[in-house]
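Novice: Got a structure here, written out as structure tokens. Questions coming.
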Amino acid sequence: MCKNCSKSDLALLDPVLEEFAGDNHALVAILQRAQEIYGHLPCDVIYRIAEKRGLSPAKVMGVATFYSQFRLKPVGKNLILLCKGTACHVNGADSIAKALKDELGISDGETTADGLFTLNEVACLGCCSLSPVMMINETTYGSLTPEKAKEIVRSIKAEGERQ
Amino acid sequence: MRVVVGEGSCGIAAGALAVHRALEENGCEVGITGCIGMCYLEPIVDLYGDDGALAARLVKVGEADAPRIAQAAKSGDVTGLGDLLITGEDRSFLEKQTRIALRNCGIIDPESIESYRSAGGYEAISKILREGMTGEDVIGEIRTSGLAGRGGAGFPTWFKWNAARNSKGGEKFLVCNADEGDPGAFMDRAVIESDPHSLIEGMLIAAYAIGAEKAFVYVRAEYPLAIVRLEKAIAQAEKANLLGADILGSGFSCSLRIKAGAGAFVCGEETALIESLEGNRGMPRLKPPFPAEKGFDGKPSNINNVETFANVAWIIRNGGAAFAAMGTETSKGTKVFALTGKIRRGGLVEIPMGLTLRDVIFDIGGGIRDGKKFKAVQMGGPSGGCIPESLLDTLIDYKALGATGAIMGSGGMVVMDESTCMVNMARFFLDFTAKESCGKCVHCRIGTKRLHETLVRITEGKGREGDVELLEELCRGIKDGALCGLGQTAPNPVLTTIRYFRDEYDAHIRAKRCPAGECAALRTYSIDSGKCVGCTACAKKCPAGAIAGDLKKPHVIDESKCVKCGECVKACRFGAVSVK
Amino acid sequence: MVTLTIDDVKVEAEEGSSILAAAAKAGIEIPNLCHLKELAPYGACGVCVVEAEGVPKLLRACATKVAEGMVIKTASERALKARKLAMELMMGDHDGDCLGPCKLKCPAHTDCQKYVKEIAEGRYADAVATIKEVFPLPASIGRVCPHPCENACRRRLVEAPISIAHLKAFAADKVRADGNVKPAAHAPPTGRKVGIVGGGPAGLSAAYRLSLLGHEVTVFDQMPEMGGMLRYGIPEYRLPKAVLKAETDAIAAEGVKFVNNFKIGRDATLEKLRGEFDAVIVANGAWRSVPMRIPGEDLKGVWGGIDFLRAVVNGEKPGLGRRVAVVGGGNTAMDACRTAVRLGAEEVYVLYRRTRDEMPAEKIEIAEAEEEGVKFRFLCSPAGIAGDDGRVSGVELQMMELGEPDARGRRRPVPLEGKTEMMRLDTVIIAVGQQNDNDGFEMLAKTGRGTIAAGEDFATAADGVFVCGDAAGRGAGIAIEAIAEANEAAKAVDAYLKGGKYEPAPCVVSEREVTRDDFADREKIERCRMPVRPAEERRRDFKEVNLGLDEESARKEAARCLECGCHDYADCRLIRYAKKLDTDCGRLRGEFHPGFVETKLVHIERNQRKCITCNLCVRVCEEKARKGVLGLVGRGFTTVVKPEFDDPSIPDFCRSCRLCVDACPTGALRLLSSSNG
């Protein structure tokens, strides 16, 4: 990684940095906002944050890689969060994971070649009563079966192709 | 009639928003409420009569039901909705509960401060400020109530408040831990989504008691709806002069801010949470100093969990003694559980301490679904353990549950039936803790990894004689040597499954057999030559080329080549492939 | 001030100081790996845990402040157990690769990597000093050792191993020729006297070692000159007597007394000798040829292998006749057949009951023997020796085939029923093994195989009498094995003389498994070739076959070394505690955390494979250097230390203050030599 490998519009970050300028404890919040802006955390953005906050890039990187919310690479158009919580585990989350992997041809943390889907297995979405569960973008899908999961992904794909 | 749709995350995931829209399209004025707790019946629509009482509760409602619901709401005649009406049996799910923390959940509109106020909300803080109760008075009341930390550890709440109150150093902080990271638990999410003001009020009271003027709620980023509703509630409370400077003209000031977590289970540990609040990697600090002396920003801080705070206003209003009247000698009041897994009626359950596990799982939860047999209940998530059938009469009580090797925990109660492999269950949790370990101390970072590797080996049929003893040795060592609560409790799922399900471990290791039939690598597939018609469908699907046979003649599986993927079972239309 | 008790000692400590600091002040060392007193306590390694009376949890000594009346046990059973588990967990995830396989596989653990590097740098005297830290005969051993070091050398996974043995001989010859031997350090005289029976590699090594330790040592040998088998069992053309003599003379120059032509049992009893010395080491070797127990072995013209070689050294002229056969496939057989060629035998055969592949002799010896005209006959074994008038006339050969593998995995030769052959011969040399000559050592207990019995501490049943080398327990082996034992026996004798107890030092290391793939990107550099005299010429005389490496090729060869072993092994705190706590390094080994080696900091090499994530480097960089160049990245088991980004400004930013390198408790950080000084 290097600060020159990405060319982000850093001006978008300025209001965020300004907003938190007086708060010494805001690194996590700034990274969250940066990710909202850029979709992930590009290196130049991390550098910029480090510079403006008077921190070493290593420190910012340390925080960015500690939390599972942060992504250093761009994600697909549709981010699938597949719940692997206890209730989902007991109710067959592994078979859902396999179905999604078969359907999309990617494994955990990867993005499809067409950039349409990123699959992320997560610890718990807190929708245990509807397990197994996955969340695609803001929508939660519950009581999944492998077939149902594949169907959902296919319909999103079809929708994407229509557009 | 007033139409109210249950719109907690579970309800929404089950389709509540679509039902809401459809009802509106049919001319209804639709109100919302939070989580009713009967997640297994979502989406739920409540019809309230003009007297304000619940007239009908409709369950598993679909968009298509909207027209006739709208019709009924207009006419007040619900006879045409008989198929949607909740059954008496399902009603008992709620009737057997005692709701304090969840008192408003599924009843009030979470997005309306008025709705909260109409249910007696903010009376407790008003009373304190009006009557001039001191911090000691408040702490005394909490002490009388016997309230203990609901996040899992069960530490007496008054003691922590008192320590923070007595701690020297000007500025103090109050923090609500809403980083509900325990997989299988969603009580805190439900409380914030359904009754955010009760959290705010509880926190206000605590802040007043310890002398903090700044408070934070540390919420998981995975709970977007909870964050939105809490933001709204904070704005409403500020507007109503219930937050901010000079609250209700009392001279007491307290601000409240939301800090979104960024996804790290270890941040449930209070010192890690503080690190995270400060914008650092969430790595636990050494204790002492405890947060009550040196917490956020090096200042005295007090941290409690959502459910703990949700009880506080009730206690002040009803008196500590009323709270303490419920429960057992060592555990007072009620506790909320998220009942999930292979349970018939899953959802949120709040019961007085002192009921048995059997009461919750069988009386309230209706037992195991699909006619299967109960095997175990997992309590306390990655820090807890699995409790077997023989101990179902254990009281829900910090001490009694602790004696089983599990813990009360934050309230996750995942029920398992005979098809759940307990070794795999332990593997599942250690996979979780090994990934969630902050990486600081050796025992946790490497120890949980080695535990996980050993468990993987066993579930893959490569277990060796002595593996159970190795697991036990590592577990004891990690409990003794790990730096924080995450590491110290990480071995619990392994220890309890060994303690109660040793035979399953032995079956995996010695007989290379998974009694629950869950561990794929230990399954054996065979073709019943009587049923096989030789259609070749399985052979074509087999990715390993392990199935051989001529057309129209029975096929056979070469076990040495089989990769246990199960494709043949799915491919066979004659039920000829069996799995053992 | 606070008063507390640590390990039953009353200790005064400043208020606010840690248990670790209080213990250190009282001279009690509590192991720890992630603490530096200048930094805030961190508590990661879990090695410093101690037990405090009345406290249910173990306490981290680095992070727990002293309190009045505290009663601390730093080494209670529970604390030790937790400490050891922490060590085992760390070692199980520490891809330290502590010692190169050369050093590890050398029976005496000679630091090959070190002296090879010294040779590459042209520091020959240092190289010889390094070798002499282990044994005093580098030129001799360099010529004769079958070099287990080379056989293990990882360079073989690139193209061919480093020519370690030749380099050793080169350095020793060069230093001797240049006359710049570095003097060895002697301990002050102890006034204790040690007698050593046997002046071979074992006896001489033990003598040298004990002499450096300050003891007065006398070596007794039955032969006219020192050197033992190196002199009387290895032919001149492999190890010139002059080379050996120079090295034994050097030992004498260090103060060791030599007494030759002295045989126990003939010139004095062992008991008498014991009476004259404070301790005695028996290192008299295995000087008897093992007979085959076949008919005709008593005929004239039948020799034992080592008896034959010794006779030649002693100047005897054995009449070999025209046709000579040597029975056996080991190095002694090779020495015998090549000696027979040089004595003028017209046809020399080697008879071996297995095939070429199973021959224990070194490949180069076999090849050179063939070049010199020796003929090999495999899968045959003499069933009897025929005679004519009391003198050998031939052997009856039983033909063999290879059967099932034996315990060592070598396929067992099985006689082919009825297939025999007569071979006409004038001399038969039987080189199938050696055994002890125990005459004069009757007072010592023997093992089942006729060697002298001793415990792990080399002590025989007789008080103050020790045994090592070929004469001891496991019997005849290669010289460097005898030397390895001699060094340990010397330590045992030293401990005995000082009233202490000898404890074998555990060799605690973290070893890495490597494959060709690990070296796929290495440039291939041809291994040096030892120049030798042409076969036609050398078969006529006893002059040394090898001509020796020239300086240029030696340095080039040495520079091929991959430097596998960790630079920090000597100072590594991790290994020090692993040894101290008797850690089983492999028990809890599993997947390793992500490993990589990088030099982004230019002057500092960071080897993440060795990192134990103590975070000291990160903390000193942040808290002391105020730089924050390094940081933790990731979470859980995959947490690593990284200087983030390939930022070209990082080196300037870093400025190589070395604080991180100094803080690293193990070999994960290393200052590259370019910035030395």
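Novice: Which residue is farthest from B:Glu201 (Cα to Cα), if the candidates are limited to the stretch B:162-185 and must be surrounded by fewer than 24 Cβ atoms within 10 Å (Cβ to Cβ) and hydrophobic (A, V, I, L, M, F, W, C)? Please lay out each step first, then the result.
Specialist: Just the residues of the stretch B:162-185 that are surrounded by fewer than 24 Cβ atoms within 10 Å (Cβ to Cβ), to begin with: B:162-163, B:165-173.
After this cut, where a residue has to be hydrophobic (A, V, I, L, M, F, W, C) as well, the list is B:163, B:173.
Working: B:Ala163: 21, B:Phe173: 16 Å.
Among those residues, the one meeting the criterion is B:Ala163.
Novice: If you check B:Arg220 against the conditions, is it farther than 26 Å from B:Lys335 by Cβ, touching a Lys or Arg at 6+ places or on another chain (Cβ under 9 Å) and of a type in the set (Lys, Arg)?
Specialist: Details: farther than 26 Å from B:Lys335 by Cβ: no; touching a Lys or Arg at 6+ places or on another chain (Cβ under 9 Å): yes; of a type in the set (Lys, Arg): yes.
For B:Arg220, the condition - farther than 26 Å from B:Lys335 by Cβ, touching a Lys or Arg at 6+ places or on another chain (Cβ under 9 Å) and of a type in the set (Lys, Arg) - is not met.
Novice: How many residues are in contact with a Cys (Cβ under 9 Å, 6 or more places away or on another chain) and away from every other protein chain (no Cβ under 11 Å) when one looks only at the stretch B:405-433?
Specialist: Residues meeting the conditions: 5.
Novice: Please work out which residue is nearest to the other protein chains (Cβ to nearest Cβ), limiting yourself to the stretch B:465-497 and to residues that are out of contact with any Ser or Thr (no Cβ under 6 Å at 6 or more places or on another chain), surrounded by 24 or more Cβ atoms within 10 Å (Cβ to Cβ) and among the aliphatic types (A, V, I, L, M).
Specialist: Here the answer is B:Leu483.
Novice: Answer yes or no as to whether C:His109 is within 25 Å of the chain's Cα centre (by Cα) and within 14 Å of chain B (Cβ to nearest Cβ).
Specialist: Criteria not met by C:His109.
Novice: Considering (1) buried (at least 21 other Cβ atoms within 10 Å of the Cβ); (2) touching a Leu at 6+ places or on another chain (Cβ under 7 Å), say which one C:Asp278 fails and leave the rest.
Specialist: Here C:Asp278 clears every test but (1).
Novice: Still on this structure, I have one more. Could you please let me know if B:Thr420 is surrounded by fewer than 22 Cβ atoms within 10 Å (Cβ to Cβ), at negative phi and of a type in the set (S, T, N, Q)?
Specialist: Details: surrounded by fewer than 22 Cβ atoms within 10 Å (Cβ to Cβ): no; at negative phi: yes; of a type in the set (S, T, N, Q): yes.
Taking the combined requirement at face value, the residue does not satisfy it.
Novice: State which residue is surrounded by the most Cβ atoms within 10 Å (Cβ to Cβ) when the search covers only the stretch B:272-320 and only residues that are more than 11 Å from chain A (Cβ to nearest Cβ), farther than 16 Å from B:Arg257 by Cβ and of a type in the set (D, E, K, R).
Specialist: Checked the stretch B:272-320; the qualifying residue surrounded by the most Cβ atoms within 10 Å (Cβ to Cβ) is B:Glu307.
Novice: Can you name the number of the only condition in (1) within 13 Å of chain B (Cβ to nearest Cβ); (2) crowded, with 20+ Cβ neighbours inside 10 Å that C:Pro101 fails?
Specialist: Here C:Pro101 meets the rest and fails (1).
Novice: Can you give me the number of residues within the stretch C:544-579 that are over 26 Å from B:Val442 (Cα atoms) and of a type in the set (Ser, Thr, Tyr)?
Specialist: Matching residues across the stretch C:544-579 total 1.
Novice: Sticking with this one: Please verify whether the stretch B:68-80 includes one or more residues that are under 22 Å from B:Glu193 (Cβ atoms), surrounded by fewer than 19 Cβ atoms within 10 Å (Cβ to Cβ) and not charged (D, E, K, R).
Specialist: no
Novice: Within the stretch B:141-161, track down each residue that is free of Cβ contacts under 8 Å to residues at least 24 places away in the same chain and either assigned to a helix (DSSP H, G or I) or aromatic (Phe, Trp, Tyr) (or both).
Specialist: Residues of the stretch B:141-161 free of Cβ contacts under 8 Å to residues at least 24 places away in the same chain: B:155-156, B:158-159.
Within the stretch B:141-161, B:Phe155, B:Trp158, B:Phe159 meet the criteria.
Novice: Exactly one of these conditions fails for B:Lys462: (1) surrounded by fewer than 22 Cβ atoms within 10 Å (Cβ to Cβ); (2) within 14 Å of chain C (Cβ to nearest Cβ); (3) assigned to a helix (DSSP H, G or I); (4) out of contact with any Cys (no Cβ under 9 Å at 6 or more places or on another chain). Give me its number.
Specialist: Checking B:Lys462 against (1) surrounded by fewer than 22 Cβ atoms within 10 Å (Cβ to Cβ); (2) within 14 Å of chain C (Cβ to nearest Cβ); (3) assigned to a helix (DSSP H, G or I); (4) out of contact with any Cys (no Cβ under 9 Å at 6 or more places or on another chain), the one that fails is (3).
Novice: While we're here: Listed residues B:Glu213, B:Glu193, B:Glu201; which is charged (D, E, K, R), more than 19 Å from B:Ile315 (Cβ to Cβ) and more than 14 Å from every other protein chain (Cβ to nearest Cβ)? If you could, list the steps in order and put the result at the bottom.
Specialist: On the way: B:Glu193 fails: more than 14 Å from every other protein chain (Cβ to nearest Cβ); B:Glu201 fails: more than 19 Å from B:Ile315 (Cβ to Cβ).
Sole residue among the options that is charged (D, E, K, R), more than 19 Å from B:Ile315 (Cβ to Cβ) and more than 14 Å from every other protein chain (Cβ to nearest Cβ): B:Glu213.
Novice: Please give the helices (runs of 4 or more DSSP H) falling wholly within the stretch C:561-677 in which 3 or more residues are away from chain A (no Cβ under 11 Å) and under 27 Å from the mean Cα position of the chain (by Cα).
Specialist: On the way: elements: C:573-580, C:616-619, C:650-654, C:659-663.
Correct list: C:573-580.
Novice: Can you name every one of the helices (runs of 4 or more DSSP H) wholly within the stretch C:119-196 that holds 3 or more residues which are touching a Ser or Thr at 6+ places or on another chain (Cβ under 7 Å)? Let's see the steps before the verdict.
Specialist: Details: elements: C:124-132, C:138-144, C:148-152, C:164-178.
Fully inside the stretch C:119-196 and qualifying: nothing.
Novice: Surrounded by fewer than 24 Cβ atoms within 10 Å (Cβ to Cβ), within 13 Å of chain B (Cβ to nearest Cβ) and modelled with pLDDT under 95: is that true of C:Lys81 in this structure? Walk me through it before giving the result.
Specialist: Values: surrounded by fewer than 24 Cβ atoms within 10 Å (Cβ to Cβ): yes; within 13 Å of chain B (Cβ to nearest Cβ): yes; modelled with pLDDT under 95: yes.
Against the criterion (surrounded by fewer than 24 Cβ atoms within 10 Å (Cβ to Cβ), within 13 Å of chain B (Cβ to nearest Cβ) and modelled with pLDDT under 95), C:Lys81 qualifies.
Novice: Restricting attention to the stretch C:540-551, does a residue exist that is part of a helix (DSSP H, G or I), modelled with pLDDT of 95 or more and either more than 27 Å from C:Cys337 (Cβ to Cβ) or not acidic (Asp, Glu) (or both)? Spell out the reasoning first.
Specialist: The first filter runs over the stretch C:540-551 and keeps only residues part of a helix (DSSP H, G or I), leaving C:551.
Among the residues that remain, those that are also modelled with pLDDT of 95 or more are: C:551.
With either more than 27 Å from C:Cys337 (Cβ to Cβ) or not acidic (Asp, Glu) (or both) added as a condition, the list becomes C:551.
Yes, the stretch C:540-551 contains at least one residue that is part of a helix (DSSP H, G or I), modelled with pLDDT of 95 or more and either more than 27 Å from C:Cys337 (Cβ to Cβ) or not acidic (Asp, Glu) (or both).
Novice: Now, a different point. Tally the residues that are surrounded by fewer than 18 Cβ atoms within 10 Å (Cβ to Cβ) and either under 15 Å from B:Gly319 (Cα atoms) or not assigned by TED's automatic domain parsing to the domain that holds B:Met203 (or both), restricting the search to the stretch B:115-125.
Specialist: Start the filter on the stretch B:115-125 by keeping residues that are surrounded by fewer than 18 Cβ atoms within 10 Å (Cβ to Cβ), which leaves B:117-120, B:123.
Then drop every residue that is not either under 15 Å from B:Gly319 (Cα atoms) or not assigned by TED's automatic domain parsing to the domain that holds B:Met203 (or both), which leaves B:120, B:123.
Adding up the residues that qualify gives 2.
Novice: Related question: Tell me yes or no: at least one residue of the stretch C:88-95 is out of contact with any helix residue (DSSP H, G or I) (no Cβ under 8 Å at 6 or more places or on another chain) and surrounded by fewer than 20 Cβ atoms within 10 Å (Cβ to Cβ).
Specialist: no
Novice: Part of a loop (DSSP other than H, G, I, E, B) and without any contact (Cβ under 8 Å) to a residue 40 or more places away in the chain, is that true of C:Gly214? Give the derivation first.
Specialist: Values: part of a loop (DSSP other than H, G, I, E, B): yes; without any contact (Cβ under 8 Å) to a residue 40 or more places away in the chain: yes.
Yes; evaluated as a whole, the condition is true for this residue.
Novice: I've got another one for you. Every residue in the stretch A:143-163 that is surrounded by fewer than 17 Cβ atoms within 10 Å (Cβ to Cβ) and not small (Gly, Ala, Ser), please.
Specialist: Taking the stretch A:143-163 as the starting set, the residues that turn out to be surrounded by fewer than 17 Cβ atoms within 10 Å (Cβ to Cβ) are A:143, A:145, A:147-148, A:151, A:154-155, A:158-163.
Answer for the stretch A:143-163, where residues must be surrounded by fewer than 17 Cβ atoms within 10 Å (Cβ to Cβ) and not small (Gly, Ala, Ser): A:Thr145, A:Glu147, A:Lys148, A:Glu151, A:Arg154, A:Glu159, A:Glu161, A:Arg162, A:Gln163.
Novice: With A:Ala29, A:Ala97, A:Ala93, A:Ala34 as the choices, which residue is modelled with pLDDT of 95 or more, touching a strand residue (DSSP E or B) at 6+ places or on another chain (Cβ under 9 Å) and at negative phi?
Specialist: On the way: A:Ala97 fails: modelled with pLDDT of 95 or more; A:Ala93 fails: modelled with pLDDT of 95 or more; A:Ala34 fails: touching a strand residue (DSSP E or B) at 6+ places or on another chain (Cβ under 9 Å).
Step by step, each of A:Ala29, A:Ala97, A:Ala93, A:Ala34 is checked, and only A:Ala29 is modelled with pLDDT of 95 or more, touching a strand residue (DSSP E or B) at 6+ places or on another chain (Cβ under 9 Å) and at negative phi.
Novice: Among the residues of the stretch C:43-63, how many are touching a residue at least 40 places away in the same chain (Cβ under 8 Å) and buried (at least 24 other Cβ atoms within 10 Å of the Cβ)? Break it down stepwise before answering.
Specialist: Within the stretch C:43-63, the first condition is being touching a residue at least 40 places away in the same chain (Cβ under 8 Å), and the residues that meet it are C:44-47, C:59, C:61-63.
Filter once more, keeping what is buried (at least 24 other Cβ atoms within 10 Å of the Cβ): C:44-47, C:61-62.
Number satisfying all stated conditions: 6.
Novice: Do you know which residues across the stretch C:570-621 are surrounded by fewer than 20 Cβ atoms within 10 Å (Cβ to Cβ) and among the hydroxyl-bearing types (Ser, Thr, Tyr)?
Specialist: C:Thr599
Novice: Could you check the stretch C:7-42 and list, in sequence order, the residues that are free of Cβ contacts under 8 Å to residues at least 12 places away in the same chain and on the phi > 0 side of the Ramachandran plot?
Specialist: Correct list: C:Asp8, C:Gly27.
The values are calculated or read from the model by the stated rules, or taken from the named source; none is laboratory data. This structure is a prediction, so every number in the text was calculated from the model and none was measured. So basically every Cβ, Gly included, is an ideal-geometry build from the backbone, and we count neighbours across all protein chains shown.
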